[in-house]
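No value in this document is a laboratory result; all are computed from the given coordinates. For clarity, every value in this text was computed on a predicted model and none was experimentally measured. Note that each Cβ is placed from the backbone with ideal geometry, even for glycine, and that neighbours are counted across all protein chains shown.
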Amino acid sequence: MKNIVLIGFMGVGKGSIAREIIKHSEYISIDTDDLIESMENRKIKTIFEKEGEEYFRKLEKDVASWLEKSVRNTLISTGGGFYKVKNLKKIGAVVYLDSPFEEILKRIQEHPNAHKKLKKRPLLSDLEKAKTLYESRRPDYLALADVVIDVTNKSYEESAKEILKKVKKYV
Ligand code: S3P
């Protein structure tokens with residue numbers, strides 16, 4: 001089985017959907033942000049504050065090389081900017097979780113832990129800038145994806161089941 005790589009904007013539900021996929025399949029899952037936090041033994045927010053974004057992007061590249069070389073049969077959930085690594089398509093079948101910016105924002109703001117979710121993501125601190133970032137990234141996400149799933153108005157479970165069905169021919 002090839003890996004499945006979930007890409008998409010911050011807050012679209014990559015982590016929550018990954019948890020549903022593992023419930024309904026043989027996959028185990030890992031998350032690139034979690035890998036980076038354990039490599040560095042500090043939070044993403046601290047890495048951004050202390051070292052800057054460029055340093056963080058370098059860590060994403062290191063993670064990407066390791067994933068390509070060493071990881072198989074795994075569902076890989078990624079940070080919203082991870083798609084920029086050069087070897088993304090070599091890591092596995094790429095699934096893009098799509099939803100309009102306003103819907104993503106609504107989902108975050110309605111979450112019981114909304115404050116925490118916003119706080120831990122440095123690039124969401126300015127919503128105007130976040131929207132511009134979303135708009136600049138969406139065409140790239142679409143171009144890289146083997147499978148595109150519109151997650152708007154779907155439960156995490158529904159999205160997970162749709163992913164498993166559509167990704168079959170790529171894994
Ligand atoms: C980022 C998304 C975050 C995290 C970092 C940068 C981005 O992950 O990797 O804050 O550039 O979009 P999530 O997509 O899980 O929030």
**Asked** Using +1 on the beta carbon of Lys and Arg, -1 on that of Asp and Glu, and nothing else charged, what's the dipole of the stretch 68-171 about the Cα centre, debye to 20?
**Response** 520
**Asked** With labels modelled as points extended 7 Å from the Cα through the Cβ direction, what inter-label distance (nm, one decimal) is found for residue 87 paired with residue 70?
**Response** 1.2
**Complete:** Computed on Cα atoms only, the convex hull of the stretch 4-166 has an orientation-averaged projected area in nm² of 9.0
**Item:** Mean Cβ count within 10 Å, highest first, over the residues of peptides 132-145, 83-96, 54-67
**Value:** 83-96, 54-67, 132-145
**Request:** Note down the nm distance, to one decimal, between modelled labels 7 Å out along Cα→Cβ at residue 116 and at residue 49.
**Result:** 1.8
**Request:** For the stretch 137-146, take each phi angle, set θ = phi - 60°, evaluate the Karplus expression 6.51 cos²θ - 1.76 cosθ + 1.60, and give the result in whole Hz per residue in order, putting x for glycine and proline.
**Result:** 7, 3, x, 6, 4, 4, 5, 7, 6, 7
**Request:** Would you pull out the residues with amide H under 5 Å of residue 94's amide H, same chain only if 5 or more places away, H placed 1.01 Å from N?
**Result:** 5, 146, 147
**Item:** Cross-link pairs beyond the 27 Å C-alpha cut-off, checked among 45/84; 69/119; 90/120
**Value:** 69/119; 90/120
**Request:** Collect residues whose amide H, placed 1.01 Å from N in the peptide plane, falls under 5 Å from the amide H of residue 31; neighbours closer than 5 in sequence don't count.
**Result:** 77
**Prompt:** Using a basic spin-label model with each label point 7 Å from the Cα along Cα→Cβ, how many nm lie between residue 125 and residue 26?
**Reply:** 4.5
